[in-house]
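First comes the structure, then the notes that go with it.
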Amino acid sequence: MTLPLLLVLLQAAHAPVGSVPSWTLHFNGDIRWQQITPAGALLVSSDGGLAGVDVERGQIVWQKPELGGLPVDSVRMVEGSLLMEAAKPGLSIILDPVTGTVLFDSRLLSLTRVVTRRVLPQTGTLLVHGQRASGPPVVALYDLKTGTQRWVSESLFQQTEPKRGGLGGLMQGLVRMASAATTLEVLQAGPDVIVVNTLTSLRGLDAHSGATRWSATLPTARAGNPARHVRLFPSIDKPDRIYVGFDDRLMAYRLADGQPLWAKPAMIQGWVHDIVQHPAGIIILPESPPANEATGNVRIVNGVVQTGLNVARYDDGTTIAEKPLRMRGTVTSALITGGSAVLAVDAESRTFVNVLDVATATVRLQKDVKIKGQLDYAELTPAGLLYISRSDPATNGEVNVIDLARGEQKFKDAIEGGKAAGEGLLHVVEGSTLYVFAGRDHHLYAVNRQDGTYRALGAELKFQGGEDPTTIELRQAGIVLISPQNIAIVGRDGQIKQQAYHPAPQLPGLLRALYRINSVRAGLYGAAASAYGDAFAQVSRNATDTTAKRITGQLAAAYSQGGTQLQGYSSQAAALASKRFKASLATPGSVFVLTKSPDGNGNVLLQLDKDTTQPRSRVDLGKQREPVYAVDDIAGMLFLQTTSGTLAGYKL
């Protein structure tokens, strides 16, 4: 964020010493805003249009005059993709931000509302579903590289079951109308089939023509009543099928003809929230539905609809447990570790945990163990279940170990976080040690991952300006703790090696801009995971190691092996996205801090080295309160408006 601010100040014609622009561009009209996209292109909005900039070469690649003057919140990333959508009343355009190719223009299909946007990178396509002022809703498929319309269909929402009379017929019509206005569940199932669920039916569409290959009716509890809650899941190890969760049921369907592969659905208590495809069976995770929409025998305790989890066999869908295992509410996650899975259960903001033996569908703890806060990290160790929780409004988070034999926490005086902002628990793993910084008492702790014991390292660590650390990292120089204006390096013995504080200027607009930098990386990770399709996202969610580092490593490995899932995008977008994603995996060696100029005249952006806390570079931002800028920490560039229509790019 600080970088952008600096650029803005540069715009005020106070070019800092040594800050020579790498390039300068001129636009038609005043520049309103700038935005770095996950694909790596810089979008620049001016009164004269929307433009895409190649930040490495400093060239305007494309311009769209019809999109001039759009507010920044009118241009956003299409979820799970590298594409961007620009929207204003009566117009929705989806484009490749690297090449400027328009893939979809709502005017060409006379759509008044776009309901579904889904990128299917495995086949290089974009599926769009929308409504017209009159006539049937439309579903269309577009080529990701060229924007060519591959097919368009008006028949997806046509009635397939026999038409009824009277009240039944009226209900059929109402369901069709609601279905046309509801976002579609879409799953790319191999190169030839796109599975789509509407409120009326499950359909397998020919990916090349859009024709319906097969149609199936989900066997709900009451025939003729559409499922309220549907989820489509790819099969990881069995390519002949998909799994469909609907209300309290899970069914496997054959991709070739849509026939059910099981005699009847596997059933749980509650709605199917997610599935985890473990080698020993399919763990079906339930969630608590609204009390008035629950099916079967409904149990409500303290206002929470109770649920039941089970494990289904791959071959026939029969469940391993005769009756679903009772859960106190929504099972939010199942963290796999060997033949077991650590279950986290949310019951009206209270969290319970247990350990599931997947092969027998039994839990190791006789009673779910209530923990403080919300589960953030868990692993099975020789000492028991080691976990870290986040504070919630009711309780403080903590670091503790659950003794699996006794079913209770090992430590009464566990490491504890506070409920106030900044009093949380930051953690990082190195070998057999889990390092935890507790914001409540400002101490760094070392937890032995084998026996669960812990000890405080060094004295209390205080940051100036009333701040608390928000980030913890492991580096060769030590353990780095960072807040917006502070940075400290702590040795593995707890001794403070370096510490620096740079007071923040009293300019809220500048500070807000600094924090936007985080969204660049977040968007990039989301796009990368999606680019490898639903199957890869499922694999990453089911990673056996619970640390974010392990999951990131899996993403990196998949991204570097062939890159076949990015072939659907333009070659320029795919190459740039792949390059940037790999670069983003490296933990940045610096952090940016916005602070007051030493001479008190204006503000500066400092790039601080994480290994020394010393400034690497400095950009003078001048005195401007609301600079027009953007920053790209992956490319190491700052983009600043220097005059009303001029943009300068600075290498940081």
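The values are calculated or read from the model by the stated rules, or taken from the named source; none is laboratory data. None of these values were measured; they are calculated from a predicted model. Heads up, the Cβs are rebuilt from the backbone with ideal geometry, glycines too, and the neighbour counts pull from every protein chain shown.
What are the residues in segment 215-229 that are part of a strand (DSSP E or B) and surrounded by fewer than 19 Cβ atoms within 10 Å (Cβ to Cβ), if any?
215
Among the numbered conditions (1) part of a loop (DSSP other than H, G, I, E, B); (2) modelled with pLDDT of 90 or more; (3) charged (D, E, K, R), tell me where residue 107 comes up short.
In the conditions (1) part of a loop (DSSP other than H, G, I, E, B); (2) modelled with pLDDT of 90 or more; (3) charged (D, E, K, R), residue 107 misses (1) alone.
If you check residue 317 against the conditions, is it over 19 Å from residue 410 (Cα atoms), in contact with a strand residue (DSSP E or B) (Cβ under 6 Å, 6 or more places away or on another chain) and either without any contact (Cβ under 8 Å) to a residue 24 or more places away in the chain or crowded, with 17+ Cβ neighbours inside 10 Å (or both)?
So residue 317 passes the test.
Within segment 287-315, count every residue that is of a type outside the set (A, V, I, L, M), more than 15 Å from residue 362 (Cα to Cα) and more than 27 Å from the chain's Cα centre (by Cα).
Selection size over segment 287-315: 11.
So which residues in segment 119-160 are at pLDDT 90 or above and charged (D, E, K, R)?
Correct list: 143, 150.
Residues are listed down the side, and each one gets a yes or a no for (1) surrounded by 19 or more Cβ atoms within 10 Å (Cβ to Cβ); (2) modelled with pLDDT under 90; (3) part of a loop (DSSP other than H, G, I, E, B):
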position	(1), (2), (3)
437	yes, no, no
465	no, yes, yes
474	no, no, no
492	no, no, yes
509	no, yes, no
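Is at least one residue of segment 307-319 under 16 Å from residue 402 (Cα atoms), modelled with pLDDT of 90 or more and among the β-branched types (Val, Ile, Thr)?
no
Anything in segment 86-107 that is in contact with a strand residue (DSSP E or B) (Cβ under 9 Å, 6 or more places away or on another chain) and either surrounded by fewer than 20 Cβ atoms within 10 Å (Cβ to Cβ) or among the polar types (S, T, N, Q) (or both)? List them, or say none.
Hits for segment 86-107 are 87, 90, 91, 92, 99, 100, 101, 102, 105, 106, 107.
Sort out which residues of segment 120-129 are closer than 23 Å to residue 214 by Cβ and not in a strand (DSSP E or B), and write them in order of number.
122, 123
Just one of (1) outside any strand (DSSP E or B); (2) touching a strand residue (DSSP E or B) at 6+ places or on another chain (Cβ under 6 Å) trips up residue 360, so point out which.
Condition not satisfied by residue 360: (2).
Which one is surrounded by the most Cβ atoms within 10 Å (Cβ to Cβ) among residues in segment 130-153 that are among the small types (Gly, Ala, Ser) and part of a loop (DSSP other than H, G, I, E, B)?
Per the criteria, the residue is 147.
Among the residues of segment 389-431, count how many are part of a loop (DSSP other than H, G, I, E, B), over 28 Å from the mean Cα position of the chain (by Cα) and closer than 17 Å to residue 378 by Cβ.
5
Here's a check for you: in segment 388-401, which residue that is touching a residue at least 40 places away in the same chain (Cβ under 8 Å) and closer than 16 Å to residue 346 by Cβ is surrounded by the most Cβ atoms within 10 Å (Cβ to Cβ)?
It comes out as 392.
Would you pick out the residues in segment 66-101 that are more than 18 Å from residue 33 (Cα to Cα) and outside any loop (DSSP other than H, G, I, E, B)?
Residues satisfying the conditions are 91, 92, 93, 94, 95.
If you scan segment 332-353, which residues turn out to be assigned to a strand (DSSP E or B) and either under 17 Å from residue 281 (Cα atoms) or modelled with pLDDT of 95 or more (or both)?
Within segment 332-353, 333, 334, 335, 336, 337, 340, 341, 342, 343 qualify.
Name every residue in segment 42-74 that is touching an Asp or Glu at 6+ places or on another chain (Cβ under 7 Å) and surrounded by 17 or more Cβ atoms within 10 Å (Cβ to Cβ), in order of residue number.
Selection gives 46, 55, 68.
Can you pull out every residue in segment 21-47 that is assigned to a strand (DSSP E or B) and either within 26 Å of residue 618 (Cβ to Cβ) or at pLDDT below 90 (or both)?
23, 24, 25, 31, 32, 33, 34, 35, 36, 42, 44 - these are the residues of segment 21-47 that are assigned to a strand (DSSP E or B) and either within 26 Å of residue 618 (Cβ to Cβ) or at pLDDT below 90 (or both).
Restricting to segment 198-214, and then to whatever is modelled with pLDDT of 90 or more and under 26 Å from residue 267 (Cα atoms), can you tell me which residue is surrounded by the fewest Cβ atoms within 10 Å (Cβ to Cβ)?
Among those that are modelled with pLDDT of 90 or more and under 26 Å from residue 267 (Cα atoms), it is 214.
For segment 48-88, which residues satisfy the criterion of being at pLDDT 90 or above, of a type in the set (D, E, K, R) and within 22 Å of the chain's Cα centre (by Cα)?
Within segment 48-88, just 85 meets the criteria.
Across segment 231-286, which residue is farthest from the chain's Cα centre (by Cα) among those that are among the aliphatic types (A, V, I, L, M) and assigned to a loop (DSSP other than H, G, I, E, B)?
So the residue we want is 263.
Give 385, 404 a once-over and let me know the one that is in contact with a strand residue (DSSP E or B) (Cβ under 9 Å, 6 or more places away or on another chain), surrounded by fewer than 20 Cβ atoms within 10 Å (Cβ to Cβ) and at pLDDT 90 or above.
Only one candidate qualifies: 404.
Being in contact with a Ser or Thr (Cβ under 9 Å, 6 or more places away or on another chain), basic (Lys, Arg) and at pLDDT below 90 is the requirement here; does residue 222 meet it?
Here the answer is yes, as residue 222 does meet what is asked.
Answer yes or no: is there a residue in segment 252-274 that is of a type in the set (S, T, N, Q), touching an Asp or Glu at 6+ places or on another chain (Cβ under 7 Å) and crowded, with 24+ Cβ neighbours inside 10 Å.
Yes, segment 252-274 has at least one match.
Name every residue in segment 442-468 that is closer than 21 Å to residue 484 by Cβ and in contact (Cβ under 8 Å) with a residue 24 or more places away in the chain, in order of residue number.
442, 444, 461, 463, 464, 465, 467, 468, listed by residue number.
A quick yes/no check of all residues on (1) within 24 Å of the chain's Cα centre (by Cα); (2) at pLDDT 75 or above; (3) not in a helix (DSSP H, G or I):
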{"position": "576", "(1), (2), (3)": "yes, no, no"}
{"position": "583", "(1), (2), (3)": "yes, no, no"}
{"position": "591", "(1), (2), (3)": "yes, yes, yes"}
{"position": "601", "(1), (2), (3)": "no, no, yes"}
{"position": "606", "(1), (2), (3)": "no, yes, yes"}
{"position": "613", "(1), (2), (3)": "no, yes, yes"}
